[in-house]
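A quick write-up on the structure given underneath.
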Amino acid sequence: MINFPDFNSIKSWYNAQLWTKDMVSYGVVCNKITADQYKEITGEDYVAPTP
């Protein structure tokens, strides 16, 4: 099992342009951040990926 980073790490890496929106969305998929936290980080609503 991968040890996914927490909200603060994800947010700082996104702000430093080290992470993309796709990478941040994976945090929601892994239940490490919420859809609301995704919006706080990216400024956009979270849209679940389609299979």
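FYI, it's all coordinate maths here, none of it is from the lab. Quick caveat: nothing in here was measured; it's all calculated off a predicted structure. Every residue, glycine as well, gets a Cβ built from its backbone with ideal geometry; the counts of neighbours run over all protein chains shown.
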Exercise. Hey, got the Cα dimensions of the chain along the principal axes, in Å, largest first?
Worked result: 29, 29, 16
For this session: Treat each spin label as a single point 7 Å out from the Cα along the C-beta direction, and report the Gln17 to Ala48 distance in nm.
Result: 3.3 nm
Seminar exercise, completed: In deg cm²/dmol, rounded to the nearest 500, the helical mean residue ellipticity at 222 nm of the chain, built from -39500 (n - 2.57) for every DSSP H run of length 4 or more, is -14000 deg cm²/dmol
Problem set entry | Under the Karplus curve 6.51 cos²θ - 1.76 cosθ + 1.60, θ = phi - 60°, whole-Hz ³J(HN,Hα) for region 8-25, x wherever Gly or Pro sits | 4, 5, 4, 4, 5, 5, 5, 5, 7, 6, 8, 10, 9, 4, 4, 5, 5, 4
